Amino acid sequence: LGRGPAAPRPLQPRLRVSPGCRGAQGRFAYKLLHDLFANYSSALRPVEDTDRALNVTLQVTLSQIIDMDERNQVLTSYLWVRQTWLDAHLTWDKDGYGGIDSIRIPSSYVWRPDIILYNNADEHFGGSMETNVVLRSDGHIMWDSPAITKSSCKVDVSYFPFDGQQCRLTFGSWTYNGNQIDLRNQLDTGDLTDFVENVEWEVLGMPATRNVITYGCCSEPYPDVTYTLLLRRRASFYIFNLLLPCIMVSFLAPLGFYLPADSGEKVSLGVTVLLALTVFQLLVAESMPPSESVPLIGKYYIATMTMITASTALTIFIMNVHHCGPGARPVPPWARWLILHHMARLCCVYEVGESCKSPQRALGGRAGVGDARGPAESPREGQVGTEVGGCPWDHCLCHHDALLRNVGYIAGCFRRHRANQRRTGEWKKVAKVMDRFFMWVFFLMVFLMSVLVLGNAA
């Protein structure tokens, strides 16, 4: 059964257009083109009544945001511009031309409205691409043309990098007033269906409004259609490359107070942090327009640099207090009460072995000095002429006086040395307490400034 010849399949009928029909369509198209433009002029406005305005409908599709130049305040975008109007001189009966309802012809063949971008910032002032127009039998013309436009945009960088911009695209006729061309927008918003997402800017909307303005040069009204492009900056790039490094560098500034004063690196750390922030400030200033409005991140840099300058100046002052020599004045009572007692407890600053000291030990030390003087003075209370250790009293007394003077001199030097050490130690402790106090104060200031920046950004 399977080896027999296959049964013939029924042939499906196919619809074929004879070459004669195709040729007829081509001849009708040539004839239509010849008949339409035999006595047609593209220089005149195509209306039957010259006193009536020609309705022109405009629709803009945003395809891509190519660039936003904040410094020069220029927005470069890729648009699709659609214009439709009625040409009263280009109508035909489609039954008389083989049923042709529409044809595509070069746009230079027909009259076109001189709709331009009013706020164009292109140095060459290029217009739309010369594309074909779609001409229908009832005279309606639809002209779709892509265009890369450079428009001026007022950039407000007060909240950079958390800013949003409103860029306007104003379209209108350059020579025809409102009595000759009535320009209207087809939709209340621009078309964002085919928009290609931008890595830096997020498009929130593109509302369209129609305005009728009377300029100072002319008394006639001029209508225009303005598309407002609502943009919001994607701040992730600037957060990770400008803001976070600045915050981390700012938190290094209070740590300069934590460094020991004898290390010799306290001032150099503050100067290094200040130079690093200056470099970041220059990077921000190069991309921003030279305007009076300082961006938010610029304000943060300036505040942080001011704080670091103040911390460096305080560090120099505290180092001067720390290195007070033996000739310094004693610590004033108010400073001893405020800094060494209250602020030291507040900042948890204690010297090693400070809790082991007690007034009893100091008194005992003074008693020991008195005991040392006791044996030296005891012979004065004895009888004159007696011998101590086999030596006459009058002869031994001279040796004792010289010995007492030497011991008194040594004890006085030791007491002055201990007093100088105590005075120097008190000044060093004052400097240490001030270091700890200002370290926490500046940590709090850096934290508050960071919170304020992020709060303004939100």
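Quick one: in region 204-223, which of the residues that are of a type in the set (A, V, I, L, M) and open to solvent by 70 Å² or more (accessible area, probe 1.4 Å) is modelled with the lowest pLDDT? Don't jump to the end; show me each part of the working.
So the first thing to find is which residues in region 204-223 are of a type in the set (A, V, I, L, M), and the list is 204, 206, 208, 212-213.
With the extra rule that they be open to solvent by 70 Å² or more (accessible area, probe 1.4 Å), the set shrinks to 204, 212.
Values: L204: 94, V212: 91.
Looking at the filtered set, the residue picked out is V212.
When residues of region 169-196 are filtered for being surrounded by fewer than 18 Cβ atoms within 10 Å (Cβ to Cβ), within 12 Å of V60 (Cβ to Cβ) and within 29 Å of the chain's Cα centre (by Cα), how many remain?
2
Would you point out the residue of region 139-148, among those that are open to solvent by 20 Å² or more (accessible area, probe 1.4 Å) and not hydrophobic (A, V, I, L, M, F, W, C), that is farthest from D114 (Cα to Cα)?
H140
Yes or no: region 143-150 includes at least one residue that is more than 41 Å from the chain's Cα centre (by Cα) and either in the same structural domain as L44 (by the TED database) or closer than 30 Å to N72 by Cβ (or both). Talk me through it step by step, then tell me what you get.
The initial filter retains those residues of region 143-150 that are more than 41 Å from the chain's Cα centre (by Cα), namely 143.
Still in the running and either in the same structural domain as L44 (by the TED database) or closer than 30 Å to N72 by Cβ (or both): 143.
Yes: one or more hits.
Tell me which residues, restricted to region 83-95, are open to solvent by less than 50 Å² (accessible area, probe 1.4 Å) and farther than 10 Å from L36 by Cβ. Break it down into steps so the answer makes sense when it comes.
Pass one, region 83-95, residues open to solvent by less than 50 Å² (accessible area, probe 1.4 Å): 83-85, 87-88, 90, 92.
If the condition is that a residue be open to solvent by less than 50 Å² (accessible area, probe 1.4 Å) and farther than 10 Å from L36 by Cβ, then Q83, T84, W85, A88 are the ones that fit.
Do we find a residue being over 30 Å from N120 (Cα atoms), among the polar types (S, T, N, Q) and touching a residue at least 12 places away in the same chain (Cβ under 8 Å) anywhere in region 214-236? Lay out the reasoning, then the answer.
Taking region 214-236 first, the residues over 30 Å from N120 (Cα atoms) are 236.
Then keep just the ones that are among the polar types (S, T, N, Q); that gives 236.
Subsequent filtering for residues that are touching a residue at least 12 places away in the same chain (Cβ under 8 Å) retains none.
No, because not a single residue in region 214-236 is over 30 Å from N120 (Cα atoms), among the polar types (S, T, N, Q) and touching a residue at least 12 places away in the same chain (Cβ under 8 Å).
How about region 117-138: which of its residues are open to solvent by less than 40 Å² (accessible area, probe 1.4 Å), modelled with pLDDT of 90 or more and of a type outside the set (A, V, I, L, M)?
Across region 117-138, the qualifying residues are N119, N120, S137.
Take L62 and decide whether it is open to solvent by less than 70 Å² (accessible area, probe 1.4 Å), in the same structural domain as H124 (by the TED database), within 43 Å of the chain's Cα centre (by Cα) and within 19 Å of L204 (Cα to Cα).
Numbers: open to solvent by less than 70 Å² (accessible area, probe 1.4 Å): yes; in the same structural domain as H124 (by the TED database): yes; within 43 Å of the chain's Cα centre (by Cα): yes; within 19 Å of L204 (Cα to Cα): yes.
Yes; evaluated as a whole, the condition is true for this residue.
May I ask you to list the residues in region 30-52 that are open to solvent by less than 50 Å² (accessible area, probe 1.4 Å) and either closer than 30 Å to L192 by Cβ or not aliphatic (A, V, I, L, M) (or both)?
Start the filter on region 30-52 by keeping residues that are open to solvent by less than 50 Å² (accessible area, probe 1.4 Å), which leaves 32, 36-37, 40, 45-47.
Answer for region 30-52, where residues must be open to solvent by less than 50 Å² (accessible area, probe 1.4 Å) and either closer than 30 Å to L192 by Cβ or not aliphatic (A, V, I, L, M) (or both): F37, Y40, R45, P46.
Please tell me if R416 is among the basic types (K, R) and at pLDDT 70 or above. Steps first, please.
Details: among the basic types (K, R): yes; at pLDDT 70 or above: yes.
So R416 fits the description; yes.
Let's see how each residue does on (1) of a type outside the set (G, A, S); (2) in a strand (DSSP E or B):
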residue	(1), (2)
E123	yes, no
L135	yes, yes
I148	yes, yes
S151	no, yes
V155	yes, no
P161	yes, no
Q166	yes, yes
T209	yes, yes
V212	yes, yes
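Just wondering, is there one or more residues in region 239-251 that are in the same structural domain as K428 (by the TED database), of a type in the set (F, W, Y), in a helix (DSSP H, G or I) and surrounded by fewer than 18 Cβ atoms within 10 Å (Cβ to Cβ)?
Residues of region 239-251 in the same structural domain as K428 (by the TED database): 239-251.
In the following step, the residues that additionally are of a type in the set (F, W, Y) were identified as 240, 251.
Narrowing the set further to residues that are in a helix (DSSP H, G or I) leaves 240.
Those still in the list that are surrounded by fewer than 18 Cβ atoms within 10 Å (Cβ to Cβ) too: 240.
Yes, region 239-251 contains at least one residue that is in the same structural domain as K428 (by the TED database), of a type in the set (F, W, Y), in a helix (DSSP H, G or I) and surrounded by fewer than 18 Cβ atoms within 10 Å (Cβ to Cβ).
The values are calculated or read from the model by the stated rules, or taken from the named source; none is laboratory data. Just so it is clear, the model here is predicted, and its values are computed rather than measured. Cβ: placed from backbone, ideal geometry, glycine included. Neighbour counts: every protein chain shown. Quick note on the areas: whole protein, heavy atoms, side chains included, nothing else; ligands and nucleic acids left out. Shrake-Rupley method; radii C 1.70, N 1.55, O 1.52, S 1.80 Å.
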